[in-house]
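What follows draws every value from the coordinates through simple rules; no lab data is involved. Everything quoted here is computed from the prediction, not taken from an experiment. As a convention, Cβ positions derive from the backbone with ideal geometry for all residues, glycine included, and neighbour counts pool all protein chains shown.
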Amino acid sequence: MSEPKPLAANEGIKTRSNYLRGTIAEGLADLSTGSLSEDDQQLIKFHGSYQQDDRDLRPDRRKHRLEKAFSFMLRIRVPGGVASSGQWLATDAIAETYANGTIKLTTRQAFQLHGIIKTNLKRTMKGINAAAMDTIAACGDVNRNVMCNPNPHLSSVHAAALKTAQDISCHLTPSTRAYHEIWLDGEKVESSEEEIEPIYGKTYLPRKFKITIAVPPSNDVDIFANCLSFIAIVEDGKLVGYNVAVGGGMGMTHGNEATFPRLADVIGYCTVEQAVDVAEKVLLVQRDYGDRTDRKHSRLKYTINDRGVDWFLAELNKYLGYDLEPVRPYVFTDNGDRFGWVEDENGNFHYTLYVEGGRVTDTREYPMRTGLREIAKIHDGDFRLTANQNLIIANISSKKRAEVEALLEKYGMAQSHERSALRLSSIACVALPTCGLALAEAERYLPTVLTELEETMEDAGLRHDSITIRMTGCPNGCGRPFISEIGFVGRGPDRYNLYLGGGHAGQRLSKLYRQDLDAAEIRETLSPILHHYAKERTEGEHFGDFVIRSGYVAATAQGNDFHRNIKPEATQG
Amino acid sequence: MLPEHAPFSPAQRQSLAGLITSFTPAQRFWLGGFLSAGAGAGAAPAAVASSGASTPLTILYGSESGNSEKLADLSAKKAKQAGFKTVVKNMADVTPSDLGKVENLLVIVSTWGEGDPPETATPFHKAMMAETLSLPKLRFSVCALGDTSYVNFCQTGKDVDARLEAYGATRIFPRQDCDLDYEDLHAAWLENALKAFGPASAAGSNGGAGVEVISSLDLSGFGLGSAAAAVYDKKNPFQGELLERVLLNGEGTAKETWHYEISLEGSGLSYQPGDALGVVPVNAPDVVEGLLKAARLKGTETVEISAGVSKPLADALREDFDITALSRSILTKLGDLTKSKKLAKLLSEQGADQFRDYLWGRWIADAIRDFAAKGLPAKDLVSLLRKLPARLYSIASSPLAHEDEVHLTVASVRYHAHGLDRKGVTSTYLADLVQKGGKVPVYVNENKNFRLPDSADTPIIMVGPGTGVAPFRAFVEHRGAQGNAGKSWLFFGDQRYTYDFLYQTEWQDHLASKALTKLDVAFSRDQPEKIYVQHKLTERSKELYSWLQDGAHFYVCGDASRMAQDVHEALLAVIEKESGNTRAFAEAYVEDLKKTKRYQRDVY
Ligand code: SRM
Ligand SMILES: Cc1cc2nc3c(=O)[nH]c(=O)nc-3n(C[C@H](O)[C@H](O)[C@H](O)COP(=O)(O)OP(=O)(O)OC[C@H]3O[C@@H](n4cnc5c(N)ncnc54)[C@H](O)[C@@H]3O)c2cc1C
Ligand SMILES: Cc1cc2nc3c(=O)[nH]c(=O)nc-3n(C[C@H](O)[C@H](O)[C@H](O)COP(=O)(O)O)c2cc1C
Ligand code: SF4
C-alpha cells in the first residue's frame, strides 16, 4: 500500500475557512488593492463571485503604476432559469449601476454580472438579495444552479419539473451563516458542524456538482454533460417520475489524457417524490468517494469512471436504503431552443428571443437591454433563461401580447430569430476579456466565424439546417463544445482545435478533427465538409452523424476513448 | 557674443550681447563697476549709500509662495545700501498694534484664494479689518502682488493700504499693484518710495542718475535684481532634461495626469519635500496661430519685448507673452485702443456679472475677435500682453530617494469652451511639447510653510486628492529613506478606483515597507453618490482625533476652490465630535494647530 497522496490545497483552505468566512471581510476593507488574498479568492466562489481582471488592459497597467484592473464577476442563481419581471429589472439596474452595463445569460440558466469593483461588491450583493435572489453556491465545491427545461409547450409538466428543480436547489443550498454575515450584515453566530452544514460538512464537496432536469424530447439542458440529471417521464400528459443519469462532465486539459469529457450514464428511475432524496444521496456518495487529492480528477465523472457504474448504483442504493427502479423509455430529438411565439394549453403566450452569446447589452443599432427593460416594466408573466443562453419572455397573457409585440418591434427584437439555423444553434462561452482561464477568444469571436460560415451554408443551401456549433476559449468546456456537432476549443490566441461528430441531441461526444486552426483555416477546413454534407446526406441525417459515416472522424463512444482513434492528420499541423 | 556657459538663457545672451556692443567704453566701465559692487537694478550705487543719515525703516510682508518674502529681503538690501536702518517683519509674527512703534513702513503682500490674504497673514489681516487704531505718525507705502487673471486683483494689498489710511497714517507713495511679472514694477516702486522717505532719500536721489540708466536697461528683467538670489530663477531657469514621463491614469479614464522626472544634475539646485518647482513654459504653436489669425497679423512683424530687445512677433508670442489669460486690465487696454462700445458696456459697473461670464473660458484671441474684428497692429497687440508667467508644481519626489532628480505630478488642463478645444499653457506644454530627453526650464520655489515635522517620529496625516497627492509622495519617500520612524496616514481620492488611483503600486510598496502606515481612498464616480476625502475623514473620526491628540501634523494639498474648505469643515467636525466639546473649542483647537505649524496647507 503506497503513501496516501496529500490533499489538494483547496481542501485545507475550506477546512481553515470556518465555514467559508476566511478573511473575506477584512480583505474587503483593505482598499490599497482591488483584489483579495489567494485563499479568499477561492472562498468567495462559494459566495457566487470570482475575482477577475480585465485582460485587455493587462499589458499597460504596470506602466501606469497601477495594479491589474481587478474586478469581480457575480453569478446570480436562477433555479430552473425562471425570474420574475421584478428580478429582471433589479438585475438590469445593478448591471447598469455597479457592473459593466451588460447581463450575461449563462449556459446554466443563471445571470452573470461582470466588472464589479471591490468597493461595490457588498452593496451589489445587498441589491441582489433585496430582489429575492442570491448568489450563494452559484460557484464553488457545492451544488450549482439547478437547471430545468423551460419548455413552455407542456406547462403543467414544466411546472412540476420546475418545482422539483427548486426543491432540490433549496435542499442542497449550504446553510452556513457566513454569506449573511459578510454581505448582508447578518449578526454573527457560533458554528457547530451539525447545525452549520448537515449535508456538506466543513470541507464541502471535492469539486463543483451540477444537476439538471430535462423534459423530453428536448435535451436543451444537456443532461449528458452534468453530474446528475433527472429525465422527466411523462405518461398521458402527467409527470410520473424521472430517469436518473449520473457522471457527465465536459472539462479537460489540453495534453493531459487523464482528463476528458464524459457522458452521463442513465442508471435508473425514481418517483417525483424521491427526486430530492436521490439528489442528496448521489451528492453524498460523491462527497465521500470523490478524489480530494487532485482537482483535475475530482469530479463525479471520474469517481464513476474509476469505480464503474455498477459500483456506483449499488453504493447509491445503499445510501438510499431502497433501489432505483429500472430505466424507462425516453427519446431526445435535439438540445436547441424553439424560437419565436408559441401559445400554451392555458392560452398564455411565450416568445423565445435569440441572444447572441447570451450577452444582453445595448448597442446603437440594437438597444436590446433597454427593450427588455421596457418589456419587464409591463410584463405580467416571467422571464426564462435557456441553457443555450437565450431568453424566453414567458406566460404573456393574451391581453398583454399586443403590447409586448409592439415593444419587441420597437426595439428590433421581433426578428431576433430570423437568422441562419446555424447561428441559432450556437453557444459561445465568455472567455476574454474577463475569464482568467481563457486561452483564446470565444463570445467576441464566434459571431465572426458564423458570418463567414453562413456564406458557405447559403451556397450549399443549408440556411435552414440546424447544426449545433459551439466555441469555448479553453477546454474547460463551459459552452459544452464536446457534445456539439461542430466544436471549437481554444488552444492559444487565434488557435482552435476543431471537434466534429457530436450528437445533434447532445447524446454523443465529438472527436478531434484538426488542431490549432486560425480564422482562415477554420473556413477552408469546414467549407468542403459542409458542401459534401449538403450533397450526400441521407434523409434527415444530422451533420454529426454524417461526418462519422463519411469517415471524417471516428465515433466517440464514451469519455475514456475521447482521446483515442484520432486520425494522424488531425494533429500534424 | 557671450560664452555658452554664461548663466543666461539663450534669449538673454542674445539681448545682452546686443546691448553690450551698443555701449560706449565709459558705459561698460561704469556698468562693470556697478554690477561687481553686488548691487542690482534700481539700487543706488554703494558709494552713495554710506553718505546717507540712517533713517529707520520697517518692511512688512505677507507671502504664501515666497514672492513677497523674496521681494522684502531684496528691498531690505537696497534700503540698507540707500542708508536706511532696516528691519524685515512677517505678518505672521506681528499684530496691527505693533505698528504703533513704527515710523516708516513698506508693505509687500500677495493675494490668494479668491481675494484672500496668504494663509500665514490671515490673523493679521483679520485683526486689521476689525480694529480701529490711530497711527498719525506712521508713513507708509504698499506694494501688492497679484495676478490680473483673478477677479479680486491684489485685494489684500488694497485692504492693507486702505486700513492704514483709515488709521490716519500718511501714504508717502501710492500703492503699486503688480501682476505676475512684478520685478520691474517692484523695483521702480521701491526706488521711488525710498526717495519719498526722509533724509536717506537725498542720498538715494544722488544715485538717481545711475538708477535711471540701469532701469532703462531693464536688467532687473533679467533676474540680476538680487545678487543673493539663486543663479537659476524664473527669469533665468535651469534647463533640466526630461528623464521620464509616465501617464498615471489607466485606459478607460476621463483624466490625464502625468508623472514627470526632470534631471537637476549640474544645476546645484537643491530642494526639500514641500517645495515647489517653477516651470517656465512656451505657448503652443496652434495657440500662437489662433491669436495671429484673430489679430490679422502674419507673425513676421518685429516687436519690442522689453526696452531695446526686439524679435519677430510669432517668436515673442511663443516665448515671452501670456497670450491666453484674459483679464479686466487687458480688456480695459483693448477698450482704449478700439473704443468699442460693446466692450465699454461690458466693462461698466452694471455689466459686472456679464463681465465675469464673459471671462469664463475665453482667451485674448476671443476678445480680439469680439471687439477688434478688424484686427490689431502688432505693436498694439503686444501692448496688451503681460509677460508669460511661470507655473508652480508641488515637488513629488524626495531628494533622498532620487538624487539630482525632481518629480512632478501634473494634470493636463484641457477643456472645451465657446466652440473651441482649449488647453492650459504649462500643463500641456509639458504633456505635448517636451519629449523625453528634451529640456524643461525650471527653478526651485522654496515653501517654508509646507514642511515635514522636525522629528521623523512625529505622526503625519496627509490629505491629497488628485494632484494634491504630489508632495505626499515626496513626504512618504522621505520618511522611508529616513528609516520611517513615525506613523503616516494618507487620504487620497480621485474619480475612478480602477483608472485614477495615482501611484497605486508605489503606495502598495510603501505600505509593505511600512514607510506608509495607513491609506484611505475615496473615489467619486464609482457609485451613484459622490464620495470624497472629507467623507473618509469623517468615517475615520475616532482614529483621526487620537492621531491628532498624539501630536500628528495635518497636511492638505490640492484644490483650493472646494476641497480645502470641505476638508477644513470635516476636520472641525471630527474634533467637535470626538472631543465632545463645542464648535468654538474645535475652532480654537484648529487655530492652535495652525500656530504650532501642525496644520499646513498647500492649495491652489
Ligand atoms: C458563464 C459560464 C459560461 C457561459 O458563457 O455561459 C461559465 C464561465 C466560467 N466557468 Fe464554466 N461556465 C459556465 C458553465 C460551465 C459548463 C456548462 C454546464 O455546466 O452545463 C461547464 C462544463 C460542464 C462541467 O462542469 O464539466 C463548465 C466547466 C468549467 C470548468 C471545468 C470544470 C471541470 O471539472 O472540468 C471550469 C474550471 C474549473 O472549474 O476549474 C470553469 C470555470 C469557469 C469560470 C468561472 C473561470 C474561472 O474558474 O475563473 C468562467 C467565468 C468566465 C467569466 O468571465 O464569466 N467552468 N462551466 C457558464 C456559467 C454557468 C452557471 O451559470 O453556473
Ligand atoms: C503652490 C502650487 C502648487 C501646485 N502644484 C501642482 C501640482 O502638483 N500638480 C498640478 O497639476 N498643478 C499644480 N498647481 C497648479 C499649476 O501651477 C497650474 O496652475 C496648472 O497646471 C494650470 O496651469 P496651465 O498653465 O496648464 O493652465 P493655464 O494656462 O494657467 O490655464 C488655467 C486656466 O484655464 C481656465 N480653465 C481651466 N479649465 C477650465 C474649464 N473647464 N472651463 C473654463 N476655463 C477653464 C481657467 O481660467 C484656469 O485658470 C500648483 C499651483 C500652485 C500655486
Ligand atoms: C491658487 C491661487 C490663487 C490666487 N488668487 C489670487 C487673487 O485672488 N487675486 C490676485 O490678485 N492674485 C491671486 N493669485 C496670484 C498670487 O497673488 C501671485 O502668484 C503672487 O505672486 C504670490 O505671491 P507670494 O508668493 O508672496 O504669495 C493667486 C495665486 C494662486 C496660485
Ligand atoms: S470555457 Fe474556458 S474560457 Fe470559456 S469561460 Fe469556461 S473557463 Fe473561461
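Using 0.36 nm per residue of separation minus the Cα-Cα distance, give me the extension gain between A:GLU521 and A:GLU418 in nm, one decimal.
Result for the pair: 34.3 nm of gain on full extension.
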For B:GLU103, project a label point 7 Å along Cα to C-beta. Then give me every residue of the stretch B:135-167 with its amide nitrogen under 17 Å of that point. B:135-141
Distance in nm between pseudo-label sites at B:GLU301 and B:LYS597 (7 Å out along the Cβ direction from Cα): 5.2 nm
Whole-Å distance linking the alpha carbon centroid of the stretch B:287-320 with that of the stretch A:444-486 is 66 Å
If each of A:THR451 and B:ALA188 carries a label point 7 Å out from its Cα toward its Cβ, how far apart are those two points in nm? 7.0 nm
From the Cα gyration tensor of chain A, with a ≥ b ≥ c the square roots of its eigenvalues, which class applies: rounded if a/c is under 1.5, or else prolate if a/b is larger than b/c, or else oblate? rounded
Euclidean distance of C-alpha centroids, the stretch B:552-604 and the stretch A:1-65, integer Å: 40 Å
How much length is gained on full extension from A:ALA159 to A:ASN346, taking 0.36 nm per residue of separation minus their Cα-Cα distance? 66.1 nm
Applying 1/(1 + (r/R0)^6) with R0 = 25 Å to the Cβ-Cβ distance of B:SER270 and B:ALA481, what FRET efficiency is obtained, to the nearest 0.05? 0.95
Sites A:HIS532 and A:GLU280, calculated FRET efficiency, Cβ-Cβ separation with R0 60 Å, nearest 0.05: 0.75
With the label point 7 Å along the Cα-to-beta-carbon line of A:TRP311 and a cut-off under 16 Å to each amide N, the hits in the stretch A:221-253 are A:247
For B:514-522, mean number of other protein chain Cβ atoms within 10 Å: 1
Under 14 Å Cα to Cα from A:LYS5, which aspartates and glutamates show up? Leave out anything in the same chain fewer than 8 places away. A:ASP291, A:ASP294
Filter the chymotrypsin sites (Phe, Trp or Tyr not before Pro) in the stretch A:83-115 down to the DSSP loop ones having no more than 11 other Cβ atoms within 10 Å, then list what survives. none
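So, by mean Cβ neighbours within 10 angstrom, what's the order for A:103-109, A:74-80, B:565-571 with the highest one leading?
Descending packing order for the listed peptides: A:103-109, A:74-80, B:565-571.
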Kindly flag which residue pairs out of B:LYS436/B:LYS514; B:LYS342/B:LYS387; B:LYS255/B:LYS436; B:LYS341/B:LYS387 have an alpha-carbon separation exceeding 24 Å in this structure. B:LYS436/B:LYS514; B:LYS342/B:LYS387; B:LYS341/B:LYS387
Gain in span if fully extended, B:ASP286 to B:THR582, counting 0.36 nm per residue against the direct Cα distance: 100.9 nm
Tell me the mean residue ellipticity at 222 nm calculated for chain A from its helices only (DSSP H runs of n ≥ 4, each -39500 (n - 2.57), averaged over every residue, nearest 500). -9500 deg cm²/dmol
What nm value, rounded to one decimal, do you get for the distance between A:LYS63 and A:ASP323 when each label is placed 7 Å out toward the C-beta? 7.0 nm
Go ahead and collect, in residue order, the members of the stretch A:225-246 whose backbone nitrogen is under 17 Å from a label point 7 Å along the Cα-Cβ direction of A:GLN558. A:225-229, A:244-246
Defining a contact as two alpha carbons under 8 Å apart and six or more residues distant in sequence, what relative contact order in percent does chain A show? 12 percent
Given A:LYS122/A:LYS202; A:LYS163/A:LYS210; B:LYS293/B:LYS423; B:LYS89/B:LYS137; B:LYS448/B:LYS487; A:LYS210/A:LYS400, the pairs whose alpha carbons are separated by over 27 Å: A:LYS210/A:LYS400
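For B:GLN565 and A:GLU405, FRET efficiency with R0 = 51 Å and r from the beta-carbon atoms, rounded to 0.05?
On the way: r = 56 Å, r/R0 = 1.11.
Approximately 0.35, to the nearest 0.05.
Work out the mean other chain Cβ neighbour count within 10 Å for the residues of B:248-257 and drop it here as an integer. Present the calculation step by step, with values, prior to reporting the outcome.
Numbers: counts 4, 2, 10, 9, 4, 2, 0, 0, 0, 1.
Counting other chains' Cβ atoms within 10 Å and averaging over B:248-257 gives 3.
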Would you mind giving the mean number of other chain beta-carbons within 10 Å of the Cβ of each residue in B:472-482, as a whole number? 0
